[in-house]
1. Please determine, by comparing only the residues of region 59-88 that are assigned to a strand (DSSP E or B) and among the hydrophobic types (A, V, I, L, M, F, W, C), which one is nearest to the chain's Cα centre (by Cα).
2. Among the candidates Gly117, Gly135, which residue alone is touching a residue at least 12 places away in the same chain (Cβ under 8 Å), under 23 Å from Thr2 (Cβ atoms) and either more than 14 Å from the ligand (Cβ to nearest atom) or surrounded by 13 or more Cβ atoms within 10 Å (Cβ to Cβ) (or both)?
3. Confirm whether Phe128 is at pLDDT 95 or above and crowded, with 23+ Cβ neighbours inside 10 Å.
4. Among the residues of region 120-132 satisfying the criterion of being in contact with a helix residue (DSSP H, G or I) (Cβ under 6 Å, 6 or more places away or on another chain) and more than 10 Å from the ligand (Cβ to nearest atom), which is nearest to Gln152 (Cα to Cα)?
5. Consider only pairs whose beta carbons are under 6 Å apart and that are at least six residues apart or on different chains; among these, list those whose first residue lies in region 45-67 and is β-branched (Val, Ile, Thr) and whose second residue is away from the ligand (no atom under 16 Å from the Cβ) and in a loop (DSSP other than H, G, I, E, B).
6. Can we say Thr143 is of a type outside the set (Lys, Arg) and in contact with a Cys (Cβ under 7 Å, 6 or more places away or on another chain)?
7. Within region 1-26, can you find the residues that are modelled with pLDDT under 95, more than 13 Å from Tyr103 (Cα to Cα) and part of a helix (DSSP H, G or I)?
8. Could you list all residues from region 89-125 that are hydrophobic (A, V, I, L, M, F, W, C), under 24 Å from Pro54 (Cβ atoms) and in a helix (DSSP H, G or I)?
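The values are calculated or read from the model by the stated rules, or taken from the named source; none is laboratory data. Owing to the predicted nature of the structure, the values given are computational and were not obtained by experimental measurement. Virtual Cβ from ideal backbone geometry, glycine too; neighbours counted across all protein chains shown.
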Amino acid sequence: MTATELHDLLFGNVQGYSLSASGRSKAGREADPVLTYGEITPESVQYMMEMTNPQPGEVFYDLGSGTGKAVIFAAFLAPFKRATGIELIEDLYQSAADSAHRYKTEIQPQLPLEYQGREVDFRHGSMFDHDTSDGDVFFTHCTCFDDAMMEQIGRKLEACKPGTRVITVTKGLTSPEFELLHSAPFRLGWGEATLCFYRRK
Ligand SMILES: C[S@@+](CC[C@H](N)C(=O)[O-])C[C@H]1O[C@@H](n2cnc3c(N)ncnc32)[C@H](O)[C@@H]1O
């Protein structure tokens with residue numbers, strides 16, 4: 001199975017933009033720019049995995065995980081012991097949790113042995129209220145996050161061990177504890193964006 005086939009099987013009927021709109025409306029935050037929705041593609045996660053070279057037993061986080069695509073593709077494409085997504089909007093979180101259940105029950109059992117120990121989980125709430133200090137590779141699709149939030153993310157990730165890799169989209173980390181290794185344009189679900197790759201010093 002390829003990541004594209006997995007995408008079509010699990011996410012073919014998932015409407016992330018509508019789920020985000022309904023969830024933001026329920027939360028009374030329809031117009032909050034930091035909650036603007038957008039998705040990655042399987043190809044972009046493949047590129048992120050090539051660039052960050054995950055090692056067996058490492059932990060992946062997506063901070064603001066939407067319908068859960070990056071988390072499930074990371075678990076499919078790399079030997080993480082756990083891939084975790086954290087999402088504030090309940091409808092998006094619930095959709096990701098449903099896709100994780102389908103991945104575990106319908107797809108993972110058919111994959112080779114090395115895929116079996118890889119855990120996928122989703123947490124509902126703000127990324128700033130969850131401990132992520134065991135992470136080795138982080139992704140945050142932060143194009144619409146504001147400057148204060150980017151600073152807060154940088155401070156949060158300073159709690160991680162040296163060597164931790166962080167991928168951001170469009171906006172960069174401001175923390176001096178992170179070294180920018182590489183940045184490059186890549187096509188995401190909504191258009192071309194710059195992916196930035198950092199390493200915790
Ligand atoms: C651009 S979307 C990215 C979705 C997914 N990571 C992807 O790339 O396919 C950013 C997500 O971050 C979520 N978000 C914004 N602020 C958040 C916070 N404080 N904690 C958790 N999620 C948040 C939004 O609701 C939105 O779903």
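1. Here is the first cut: in region 59-88, the ones assigned to a strand (DSSP E or B) are 59-63, 82-87.
Now narrow it down to the ones that are among the hydrophobic types (A, V, I, L, M, F, W, C): 59-60, 63, 83, 86.
Details: Val59: 12, Phe60: 8, Leu63: 6, Ala83: 9, Ile86: 8 Å.
That would be Leu63.
2. Gly117
3. Working: at pLDDT 95 or above: yes; crowded, with 23+ Cβ neighbours inside 10 Å: no.
In short, no.
4. Step by step, filter region 120-132, then rank; the result is Phe122.
5. Correct list of pairs: Val59/Asp134; Val59/Asp136.
6. On the way: of a type outside the set (Lys, Arg): yes; in contact with a Cys (Cβ under 7 Å, 6 or more places away or on another chain): no.
The answer is no for Thr143.
7. Hit for region 1-26 is Thr4, nothing else.
8. Across region 89-125, the qualifying residues are Ala96, Ala97, Ala100, Ile107, Leu113.
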